[in-house]
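The values are calculated or read from the model by the stated rules, or taken from the named source; none is laboratory data. Please read all numbers here as calculations on a predicted model, not as lab measurements. Using ideal geometry, Cβ is built from the backbone for each residue, glycine included, and neighbour counts are taken over all protein chains shown. Accessible surface areas use protein heavy atoms only, side chains included; no ligands, DNA or RNA. Shrake-Rupley method; radii C 1.70, N 1.55, O 1.52, S 1.80 Å.
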Amino acid sequence: MTPALELADITCTFVSREDRSQRYTAVADVTLAVAPGEFVSVVGPTGCGKSTLLNVAAGLLEPSRGEVRVFGDRLEGINRRAGYMFQTEALMPWRTALANVTAGLEFRGVPLAEARAQAEDWLRRVGLGGFGDRYPHQLSGGMRKRTALAQTLVLDPDIILMDEPFSALDIQTRQLMENEVLDLWAARRKAVLFITHDLDEAIAMSDRVVVLSAGPASHPIGEFAIDLARPRDVAEVRVTPRFIDLHKAIWDVLREEVLKGYAQQKRAA
């Protein structure tokens with residue numbers, strides 16, 4: 001099966017603006033594929049280049065070496081088959097929730113009445129059917145995340161890129177959002193590449209978890225198939241024996257890299 005998204009031998013090196021002799025390689029020789037309908041999470045220490053890889057997959061960052069393929073075709077420019085849900089909400093404060101969700105459709109030239117109908121449908125799907133007239137400052141953190149989710153999914157992307165989208169939420173709201181995402185994903189089975197610091201979240205949601213090493217020159221050092229039955233409740237699945245076994249196996253690989261990353265941050269400080 002042709003992968004929905006494939007990162008092939010990706011290396012990203014950044015050059016200092018002040019001193020061009022100074023270079024930093026964030027990720028090196030990273031190869032990663034996501035099959036159609038597969039939910040893949042990437043975990044690793046802080047600063048290991050997880051978001052860099054997501055930006056490469058979105059076409060927002062051109063790699064120094066390697067290539068991105070989308071359903072077998074080399075990516076040139078922006079990945080128009082992908083929807084990107086950022087860590088911080090990309091909501092426009094001067095637009096209502098409904099208007100934020102319609103924005104992408106409007107930019108694509110969808111007639112306003114049709115765009116509004118689709119946006120209202122997605123707001124209902126994420127539990128915000130009665131809040132379309134609210135502005136972002138009138139919504140709670142969880143409601144803003146739901147709006148951002150609708151904003152991403154209304155465009156019906158074939159690939160969904162998510163960069164720690166729930167990290168700022170309290171644990172109860174976070175688990176509700178995780179379950180909502182899984183329910184929406186199960187209904188349409190899009191390819192998902194999910195970035196998170198939270199190993200529990202990665203295991204609870206994914207089909208596969210990829211572990212990155214500490215930077216610089218971060219690269220995959222482990223890959224684990226998550227053979228937990230679906231559908232899943234992210235709170236309930238965490239107390240099952242298989243979840244605990246998977247957590248231990250992945251943490252055994254990840255722990256040393258987290259310590260390395262922590263030590264590097266202390267030296268930099």
In the chain the DSSP beta bridges are antiparallel at a rate, in percent to nearest 5, of 55
With the 1.4 Å probe rolled over protein heavy atoms, the chain has an accessible area per residue in Å² of 49
Counting pairs of alpha carbon atoms under 8 Å apart in space and at least six apart in sequence, what relative contact order in percent does region 103-236 give? 18
What net charge is computed for the residues neighbouring ASN179, neighbours being all others with C-beta under 9 Å from the C-beta of ASN179, Lys and Arg scored +1, Asp and Glu -1? -3
Whole-percent carbon and sulfur contribution to the accessible surface of the chain (1.4 Å, no ligands, DNA or RNA) stands at 51
Largest-first principal axis extents of the Cα set of the chain (Å): 51, 49, 44
PRE reach from GLU62 (point 7 Å along Cα→Cβ): which of region 3-31 fall under 15 Å by backbone N? 11-15
Per q in 0.10, 0.14 1/Å, what log10 I(q)/I(0) does a Debye calculation on the alpha-carbon atoms of region 73-153 return? -0.24, -0.45
Mean Cβ count within 10 Å, highest first, over the residues of peptides 104-110, 15-21: 104-110, 15-21
Students often check this: by mean Cβ neighbours within 10 Å, which of 223-230, 203-210 ranks highest, and how do the rest follow? 203-210, 223-230
Counting Lys and Arg as +1 and Asp and Glu as -1 over every other residue whose Cβ sits under 14 Å from the Cβ of PRO241, the net charge comes to 0
Relative contact order of the chain, pairs being alpha-carbon contacts under 8 Å that are 6 or more residues apart, as %: 26
Accessible surface, 1.4 Å probe, highest first, among residues ARG69, ARG188, ARG174, ARG255: ARG255, ARG188, ARG69, ARG174
Dipole of region 36-140, Cα-centred, from +1 at each Lys and Arg C-beta and -1 at each Asp and Glu C-beta, to the nearest 20 debye? 100
FRET efficiency estimate (nearest 0.05) - Cβ-Cβ, MET1 to ALA235, R0 41 angstrom: 0.80
Using a Förster distance of 41 Å, the FRET efficiency for ASP245-GLN22 (Cβ separation, nearest 0.05): 0.40
Helix-only CD estimate at 222 nm, as mean residue ellipticity for the chain, using -39500 (n - 2.57) per DSSP H run (n ≥ 4): -12000 deg cm²/dmol
Residues in region 160-174, backbone N under 18 Å from the label point at PHE14 (7 Å along the Cα-to-beta-carbon vector): list them, ranges by number please. 163-164
11 Å beta-carbon shell around LEU7, net charge (K/R +1, D/E -1): -3
